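S.K.: Next up is a structure, given as structure tokens.
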Amino acid sequence: MPPKSRFTRLDAFTKTVEDARVRTTSGGIVTIVSLVTILYLVWSEWADYRRVVVRPELVVDKGRAEKMQIHMNISFPRVPCELLTLDVMDVSGEIQAGVAHGVQKVRLRAPEEGGGAIESKGLKLHAEEATHLDPNYCGECFGAPAPPDARKPGCCNTCDEVRDAYASVSWSFGRGEGVEQCQREHYAERLDEQRKEGCRVEGDIQVNKVIGNFHFAPGKSFSSGNMHVHDLENYFKQDAPHSFTHEIHQLRFGPQLPENIIARLGERGVGGVWTNHHINPLDGTSQHVMDKAFNFMYFVKVVSTAYLPLGWEKQTPSVGSPDALKFGKDKPELAWGSSIETHQYSVTSHKRSLRGGSDESEGHKERLHARGGIPGVFFSYDISPMKVINREARPKSFSGFLVGVCAVVGGTLTVAAAVDRAWYEGAQKVKKLHQG
């Protein structure tokens, strides 16, 4: 038997001759409707194939010996910059006292005068440097050891160096009466000049990615035994209405995401979970108090968060990596597709008077506060051991798309054939009834 005859027996698609086919108007209508349906469903399958979904994952954060950037912009309208101190400490034992590197203090006018920033020439708190002194001059430290970072080893040539020397041995400094360096620099007069001013602290600090805290408190800080204390003499002795009323303009853990990245996240439909309201819930928070002896505490839980767009493995560097943090005028935007590394945080707050007593004024008469402490604003942060990864993915593979197209075409044609057959048979029966 010829090969053609063997294949002919296997033909599952038998054909009818042209003369045996019947074409009807109803069949044409069903054909057009089925074609439109097929095109619409195929387009829907294509759109579903191209759709990007975000799948959240919760994994153990395996990062080790990492640093974390904290960006802050906080105003204290009732505390002058001369009195305000920023300290950072963590459970590893690292202490950054009187942080100045990477952080700028901006003097603010008194709230009664509008509270605006003082002109730039007034921003230098210690403009009078000891450059005019005799090169051989060695200032006295008044019984305290010279600070290790003194400009001239073993000497205290400026008022700040005398203050640091006093702090190293836990001595109260006061207004610097009888201290030659402070009298020369008019330290007491500067305190009087600024006593009604406020201060805005803005900038970035680098901390170990472990449990720790940073706080704003008045006066120089120093350690006394196992205690961290501040020299509060000038804060309480001045007759100015000092208090730790504050407004948090921005507080962010991790790098700032570039605007082009935020815009693309919005296009992906996930921009809502990457807004400041969700990532930085303290932004725009303000607290008001008239009492000098008052303490505010924020307990922050920091969670590492990553966003992995499609094809992120092929892009370098990732947003949030040390290389990615270098963008600026020469590199205003990062390419979309890089992985995004940042942090989210949740927060609870607590405030109390250092005089102790009940919380009746807040409507909680049964709540009692301990007496004592340091006035200021404290941020205690804890690092979550888990990491949230938002990973982009396509819900359907290309083979799944092809299977869907075949199902659409086959199913639509099958249903159309059944509808056409039923329509034709019904029309034939009605015609016979009318003829009979």
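The values are calculated or read from the model by the stated rules, or taken from the named source; none is laboratory data. Since the model is a prediction, treat every value here as computed from it, not as a measurement. Cβ: placed from backbone, ideal geometry, glycine included. Neighbour counts: every protein chain shown. With ligands, DNA and RNA removed, areas are computed over all heavy atoms of the protein, side chains included. Shrake-Rupley method; radii C 1.70, N 1.55, O 1.52, S 1.80 Å.
S.K.: Could you please tell me the mean projected area of the C-alpha convex hull for region 17-66, averaged over all directions and given in square nanometres to one decimal?
M.R.: Its average projected convex-hull area is 7.7 nm².
S.K.: Just grab the label-to-label distance for Ala422 and Glu202, each label 7 Å out from Cα along the Cβ direction, in nm (one decimal).
M.R.: For the pair Ala422/Glu202, the computed spacing is 7.1 nm.
S.K.: Net charge near Gly174: determine it from the other residues with C-beta under 9 Å of the C-beta of Gly174, scoring Lys and Arg +1 and Asp and Glu -1.
M.R.: Working: positive: Arg175, Lys237; negative: Glu177, Asp231, Glu233.
Neighbourhood net charge equals -1.
S.K.: Quick one: net charge of Val347's neighbours, Cβ under 14 Å, K/R +1, D/E -1?
M.R.: Values: positive: Arg252, Lys301, Lys351; negative: Asp283, Asp382.
Here the count lands on +1.
S.K.: For a quick check of understanding: with a 1.4 angstrom probe and all protein chains in place, what accessible area in square angstrom does Glu45 have, to the nearest ten?
M.R.: The value for Glu45 is about 40 Å².
S.K.: Let me ask something additional. Between their Cα atoms, which of Lys237/Lys292; Lys292/Lys351; Lys196/Lys237; Lys105/Lys209; Lys314/Lys387; Lys105/Lys196 are more than 20 Å away from each other? Could the numbers behind the result be given before it?
M.R.: Details: Lys237/Lys292 11 Å; Lys292/Lys351 13 Å; Lys196/Lys237 13 Å; Lys105/Lys209 25 Å; Lys314/Lys387 22 Å; Lys105/Lys196 16 Å.
Exceeds cut-off: Lys105/Lys209; Lys314/Lys387.
S.K.: How large is the convex hull of the Cα atoms of region 166-221 per residue, expressed in Å³ as a whole number? All intermediate terms of the calculation are to be shown ahead of the outcome.
M.R.: On the way: hull volume 8.0 nm³, N = 56.
Per-residue hull volume (Cα only) is 142 Å³.
S.K.: Percent of accessible area on region 129-233 owned by carbon and sulfur, 1.4 Å probe? It would help to have the intermediate numbers written out before the result.
M.R.: On the way: 2510 of 5040 Å².
Carbon and sulfur: 50 percent of the exposed surface of region 129-233.
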